[in-house]
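The values are calculated or read from the model by the stated rules, or taken from the named source; none is laboratory data. Note that the structure is predicted; figures quoted are calculated from it, not measured. Every residue, glycine among them, receives a Cβ derived from its backbone with ideal geometry; neighbour counts consider all protein chains shown. Keep in mind that these areas ignore ligands, DNA and RNA; they rest on the heavy atoms of the full protein, side chains included. Shrake-Rupley method; radii C 1.70, N 1.55, O 1.52, S 1.80 Å.
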Protein chains: 4
Amino acid sequence: MQRLRRLRQLGLAYLAFPSAEHSRFSHALGALAMGTRAFDALVRHGRRFFADDAGVAYQRRLLRAALLLHDVGHGPFSHGCEAVLGVRHERRSVEILALPDLRRAMDALEVDADDVLGLIVGDPQSRYPALRELVSGPNLDADRMDYLQRDAYFTGVATGRYDAEQLVASLRLIERAGGPAVGIDRRGVVALESFVMARYMMFASVYFHHTTRMFEHVLHQVLHEIWPDPRALDSVGEFLNWDDFRVLDTLDDERSEAAAALRNRIRVFALAAEFNAERDLRAFEACEAALRDRFGADRIWSDEQSQLLHRLPFGAGEEQTVWVEGPAGVVDARDASDLIGKLSGKAYWRKLFVRRADVDVAEARRICAEIVRG
Amino acid sequence: MQRLRRLRQLGLAYLAFPSAEHSRFSHALGALAMGTRAFDALVRHGRRFFADDAGVAYQRRLLRAALLLHDVGHGPFSHGCEAVLGVRHERRSVEILALPDLRRAMDALEVDADDVLGLIVGDPQSRYPALRELVSGPNLDADRMDYLQRDAYFTGVATGRYDAEQLVASLRLIERAGGPAVGIDRRGVVALESFVMARYMMFASVYFHHTTRMFEHVLHQVLHEIWPDPRALDSVGEFLNWDDFRVLDTLDDERSEAAAALRNRIRVFALAAEFNAERDLRAFEACEAALRDRFGADRIWSDEQSQLLHRLPFGAGEEQTVWVEGPAGVVDARDASDLIGKLSGKAYWRKLFVRRADVDVAEARRICAEIVRG
Amino acid sequence: MQRLRRLRQLGLAYLAFPSAEHSRFSHALGALAMGTRAFDALVRHGRRFFADDAGVAYQRRLLRAALLLHDVGHGPFSHGCEAVLGVRHERRSVEILALPDLRRAMDALEVDADDVLGLIVGDPQSRYPALRELVSGPNLDADRMDYLQRDAYFTGVATGRYDAEQLVASLRLIERAGGPAVGIDRRGVVALESFVMARYMMFASVYFHHTTRMFEHVLHQVLHEIWPDPRALDSVGEFLNWDDFRVLDTLDDERSEAAAALRNRIRVFALAAEFNAERDLRAFEACEAALRDRFGADRIWSDEQSQLLHRLPFGAGEEQTVWVEGPAGVVDARDASDLIGKLSGKAYWRKLFVRRADVDVAEARRICAEIVRG
Amino acid sequence: MQRLRRLRQLGLAYLAFPSAEHSRFSHALGALAMGTRAFDALVRHGRRFFADDAGVAYQRRLLRAALLLHDVGHGPFSHGCEAVLGVRHERRSVEILALPDLRRAMDALEVDADDVLGLIVGDPQSRYPALRELVSGPNLDADRMDYLQRDAYFTGVATGRYDAEQLVASLRLIERAGGPAVGIDRRGVVALESFVMARYMMFASVYFHHTTRMFEHVLHQVLHEIWPDPRALDSVGEFLNWDDFRVLDTLDDERSEAAAALRNRIRVFALAAEFNAERDLRAFEACEAALRDRFGADRIWSDEQSQLLHRLPFGAGEEQTVWVEGPAGVVDARDASDLIGKLSGKAYWRKLFVRRADVDVAEARRICAEIVRG
């Protein structure tokens, strides 16, 4: 657990937002607190979904343990580490939760280790589907409820705040085909709207910020240099020896351009153009082709939102929605709220970067501007 | 001016949000402060739009005077008073600004009274089109910039906050066909998105709140009782004797049901159903007809957003937009931002109320719920 | 109750802090909410002080009713009204709570009206001494806990905030000679310090602000003009017809200088000097004498803190303290905290005003400055 | 500079306040911003203290450079590193600012490197005494103004906030014997009070928090283990290779109890008693003696505030005060404010810890409690 103090919640975002230095450790405590309040609200309004008081007490302990531990599988810089080593953090979680120390800790908390694991990895067979949603669901999970407001606080992005108190108070267990699902009461729709908008604003302002994304791109190269063998950290013991700080400390000894860029915040790439709407897709493709022709493919980097899909407001499929309980029955949040309907669905975010050392940035921007103007 | 201390900025909204008791007076001070910061940002980035320092200084004084005075034409409960007496607050402004006291005050501030008036009433011939936008424009006016964040603060609706500091810092004078217009720099698009969303959230949570709207409906009847002759306040002297407090104080002596309801917060109507999206229009009409058939037209009240259009995010026409200046030239904010594009356009908000004294509220809700479920 | 919407919590302070327009009504709701949280904390840690669950439930209802109603005895401008009419708001409470309407309301809440009254007027014989402290005690009452943070919010005085959440969580029932008293746990001492400092800061910044105090002085004259007969409002029915708004509305018809000053915020007096410490007392007296000699006694007004003693941090007597429970037993907060020890005790706040119309303000200030310099 | 991103502003305080993970880097940016606002306020009200516009512009650049660089001399865990290696961070600053890279950076900013150094190390001969106060003065320095509110924000200690905006707006250059000094205008006394109280609250809640202090004690042992030779980092090149993260990363390889405690947050000591007031000194000494007798001197640790004096509200000497400019001339803030007078002066904070592994903590606490009770 204490290793999470050495993993930053937002990875390299502190290179764009200097105060975004908060760790996964503080996030784990926050998710635990948020999830407890959510659970208590579900019980207050849906006592009938629980067999008895002992069942309520067990599920509460289980949820808290799972939220505390939900990020133990993350390595240094999380998704960067996953991409380079090819091991998803959920698989790491399985191995780490099997360690004797953690087994003992879960015993002490009087929770079943397999139950905890089922919630963390999102096991479709979990006996506790509502808890699973609170831990690893796509929308109303305590993980996201905490990190959104935490990231907004530590970056200082005021528009990332949402009405967490009202949202939590509106949570309800709702009878669905596959068992109870986590939804909201009709009077919570405005709070849900604020939540969806906060996701949108944080995505636009922070998660997909061009400076952050550029350094994440540089990081990949650095991690390849540190671990030329992708199997280097396959052993869980070796894996646990690593954290963000050790990576940054290791860089010192490496002498690559990428390492120096990361350690000294040298901006290797410059933003040439960005695109946000579906109608921009054609312009994006034209710009990308033009820059490639002019400067060469290896001096260009096209970024899109696909790796960050989990951070976007919710998607198009039915399983991606939030159910709303009202006097007229249970409805899809995208029908209950015009706003949510408009904000959901596919995303079309693209950014085009050029290498500063080799490219005339002003020229690259001019090329794109002319294409956009038509 | 001091009379504005006795006009509440949000009229009857305090019956839904008990702490929303702030006055038009504090709003006028806030609009003045916000407008001054906006003006200073425009000058900092667009000094070329001003002839000389004296011109800058005069326009600054003029803008501050106009913002301080922009609401002097409002009577008790503002739109309620306008509706019953049939005189728009802009016309009142003309008369009040012509009073000797105010003439003297404007002389003392070294501003031309007609220039001030031109900004307040939104005169299309005003020599200062950019200032006119800051005072009475449809989007980036200091009036709205202040009241949105003020109303959010005093109602406690956290989601109504937006990034005012960033928005103001992004303001730019932009060359348009009809002279300089107030627009924003491309880097301010996220702040503008937060502003548009705050408008949406405040509309949904506060301005169109069912309790507020219901009491505004009751207020109309009360005002008709107080002023059976719509010309009663035609004289500006008589008009200025009235404020919210006198209306509420006068109620005491009236003995109608409406007066008692307003004074003692008796909820005469109950919400039977509400509708927010275009696709709901048909359901709304069916519900309205069904309730009318069942309970009688005089026991029903249909509310729609039409009287509140000025509070909605921006509309469909070109003159309703915000211009964004970027490397690729000047573009419409609805093109620069996918989010703003989605939130703009027509609104379809409807609420159906029934009279509590004569109608079985549960039955009315059931009738609507069945129609909505189809 | 709804009349409290027309009594401002801070009386005339809005003439110094334009946004301080909040009512006693919103304060009553806030005190109820704060008291409920305080009560729940007391029960959580001191269940042994209560006979049974029914007792807990009754006392909770009782406390909530008393906090909701604790200010019903206030008239327009509260202390101003008391001073002019010579009737304390506690006596009014007795009469108002005896009205049939309120009796019925308390019956409906299943609380005994005499129990409620005992808490509100601070009856030393009350069967519920801990609740009495929460309603009308000198330090840890929910009344004060709410109004301090409410007044800080609505005036915008950031330094008036304190750590309410931590203070409430630290509340404990403590065994004392006269029965259980409301005290705090040792770990809450820092929160209590923040509370004492907030009282100090709000006193210095808001309650004893020279502009507010000056207009309160003017108000006394106005109330004498409105009610030349101090017995005018002796009848509870007549009393209940009055509120802040009616007083301000009535002023219109009066034509005195004082009425005009209040209605149009004309500053009749100017501050010549102020004094805060014990060692200043001699200088204060010398200044007062010098101004009186020079300008005449009727052109001077000396203000001191005596009428506002209830707003100061706690005093010198033992019954004025807060008890702190720790591992070494129960101690006086003034011993547990060096800071609280230093801030408690006598206050020596004085302000000297002169009448603007008749006095050269600069000269008056010069006279005082010379005396202060010695 | 970028190394400061790897030094935490509050060292080990994150072990008590999980979110206190902010770096000296973000603090340096904040101090620069705060100092710029302070400087602009000084110029606005004291233009006569500056020879010409070029002088104002130079001093502004100089101040900004000095604030940005004021912490470059800090090593890992700052005061811990100083204590173990015996080199003050000011001496490090001299060496680091002499490095070619930094010389070039200062040249690029058009500031004289010796002028910068004079401000950072607090050279009594500096040609810019007012700037020196803003950088390294004992009270109104931008360093402290930033870190107080930053530490309050990142720990979440609400009572550590003060009215920074008002304090900065009140800053004035005041003519003193040794040249212009930084003081405040009389109307800023309430803001200064809030600043002094914030220092007090942050000291009590954060800087002298028992958990933080205990881990800082453990850290000393760890640093001795890492650098058995105190001259190990005498070379500036070697020194710059170290940061908080490297120390924590190095711990891994060490196998001492202290290293394990720090890395895994094992609380080696428990708090037995604490003392805050002068009158407690005798009890403190008696408790310390009793614990030593009972458990042995090496199982006890007595902490006092002496190493943290720079964080306490201001002291007893004249040079430690803040000057206040008012109508009656310039006075000492301790005379202008009763509150500041009370909070200034000597501090008597003491804490007694016992080693958990060897001592019965409950017994130790009982021993102290009995002595305190007398």
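Structure notes:
- 2 or more residues farther than 30 Å from C:Leu99 by Cβ: qualifying helices (runs of 4 or more DSSP H) within segment C:204-313: C:210-226, C:257-264, C:281-295
So that you can scan it fast, the table gives a plain yes or no per residue for (1) among the aliphatic types (A, V, I, L, M); (2) assigned to a loop (DSSP other than H, G, I, E, B); (3) out of contact with any Gly (no Cβ under 8 Å at 6 or more places or on another chain); (4) more than 30 Å from D:Asp151 (Cβ to Cβ):
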{"site": "A:Val116", "(1), (2), (3), (4)": "yes, no, yes, yes"}
{"site": "A:Leu131", "(1), (2), (3), (4)": "yes, no, yes, yes"}
{"site": "A:Ala152", "(1), (2), (3), (4)": "yes, no, no, no"}
{"site": "A:Thr159", "(1), (2), (3), (4)": "no, no, yes, no"}
{"site": "A:Glu165", "(1), (2), (3), (4)": "no, no, yes, no"}
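- Lone unmet requirement of (1) within 16 Å of B:Met145 (Cβ to Cβ); (2) more than 10 Å from chain A (Cβ to nearest Cβ) for B:Phe195: (2)
- So A:Ala16, is it of a type in the set (Gly, Ala, Ser), touching a Phe, Trp or Tyr at 6+ places or on another chain (Cβ under 9 Å) and more than 9 Å from chain D (Cβ to nearest Cβ): yes
- Conditions (1) within 12 Å of another protein chain (Cβ to nearest Cβ); (2) open to solvent by less than 10 Å² (accessible area, probe 1.4 Å); (3) out of contact with any strand residue (DSSP E or B) (no Cβ under 9 Å at 6 or more places or on another chain): number failed by C:Thr250: (2)
- Within segment D:167-201, the residues that satisfy the criterion of being touching a Gly at 6+ places or on another chain (Cβ under 9 Å), open to solvent by 20 Å² or more (accessible area, probe 1.4 Å) and of a type in the set (D, E, K, R) are D:Arg172, D:Arg176, D:Asp185, D:Arg186, D:Arg187.
- Listed conditions (1) under 23 Å from D:Arg24 (Cβ atoms); (2) out of contact with any Pro (no Cβ under 7 Å at 6 or more places or on another chain) are all met by D:Gly188, apart from (1).
- Tally, over segment A:323-351, of residues that are of a type in the set (Asp, Glu), more than 10 Å from every other protein chain (Cβ to nearest Cβ) and in a helix (DSSP H, G or I): 0
- Residue pairs whose Cβ atoms lie under 9 Å apart, separated by 6 or more positions or on different chains, with the first residue in segment B:352-369 and within 13 Å of chain A (Cβ to nearest Cβ) and the second outside any loop (DSSP other than H, G, I, E, B) and charged (D, E, K, R), are B:Leu352/B:Glu274; B:Leu352/B:Glu288; B:Leu352/B:Asp303; B:Glu363/B:Arg294; B:Ala364/B:Arg294; B:Ile367/B:Arg294.
- Against the numbered list (1) hydrophobic (A, V, I, L, M, F, W, C); (2) at pLDDT 85 or above; (3) crowded, with 22+ Cβ neighbours inside 10 Å, A:Val330 comes up short only at (3).
- Residues (among the hydrophobic types (A, V, I, L, M, F, W, C), within 13 Å of C:Val218 (Cα to Cα) and either at pLDDT below 90 or buried (at least 21 other Cβ atoms within 10 Å of the Cβ) (or both)) located in segment C:262-287: C:Leu262, C:Phe269
- Selection count where residues are among the charged types (D, E, K, R) and touching a Leu at 6+ places or on another chain (Cβ under 9 Å), scope segment D:164-186: 2
- Residue match in segment A:47-57 (condition: at pLDDT below 95, within 14 Å of chain D (Cβ to nearest Cβ) and over 24 Å from A:Ala204 (Cβ atoms)): no
- Selection of segment A:341-359 for residues being of a type outside the set (Gly, Ala, Ser) and in contact with a Lys or Arg (Cβ under 9 Å, 6 or more places away or on another chain) yields A:Lys342, A:Leu343, A:Tyr348, A:Lys351, A:Phe353, A:Val354, A:Arg355, A:Arg356, A:Asp358, A:Val359.
- In segment A:73-97, of all residues being touching a residue at least 40 places away in the same chain (Cβ under 8 Å) and open to solvent by 50 Å² or more (accessible area, probe 1.4 Å), the one that is farthest from A:Arg5 (Cα to Cα) corresponds to A:Gly86.
- C:Val222 passes every criterion in (1) in contact with a helix residue (DSSP H, G or I) (Cβ under 6 Å, 6 or more places away or on another chain); (2) farther than 22 Å from C:Glu21 by Cβ apart from (2).
- Long-range neighbours under 8 Å by Cβ, at least six apart or interchain, first residue closer than 24 Å to B:Val206 by Cβ within segment B:18-44, second open to solvent by 30 Å² or more (accessible area, probe 1.4 Å) and of a type in the set (Lys, Arg): B:His22/B:Arg150; B:Ser26/B:Arg150; B:His27/B:Arg150; B:Gly30/B:Arg150; B:Leu32/B:Arg64; B:Gly35/B:Arg64
- Helices (runs of 4 or more DSSP H) lying entirely in segment D:38-109 (those with 3 or more residues that are in contact with a Gly (Cβ under 8 Å, 6 or more places away or on another chain)): D:53-69, D:79-85, D:89-97
- Answer residue from segment C:118-163, given it is open to solvent by less than 10 Å² (accessible area, probe 1.4 Å) and either within 14 Å of chain D (Cβ to nearest Cβ) or polar (S, T, N, Q) (or both) and is farthest from C:Arg92 (Cα to Cα) among those: C:Gly160
- Candidates A:His27, A:His70 - the one that is surrounded by 17 or more Cβ atoms within 10 Å (Cβ to Cβ) and within 14 Å of another protein chain (Cβ to nearest Cβ): A:His27
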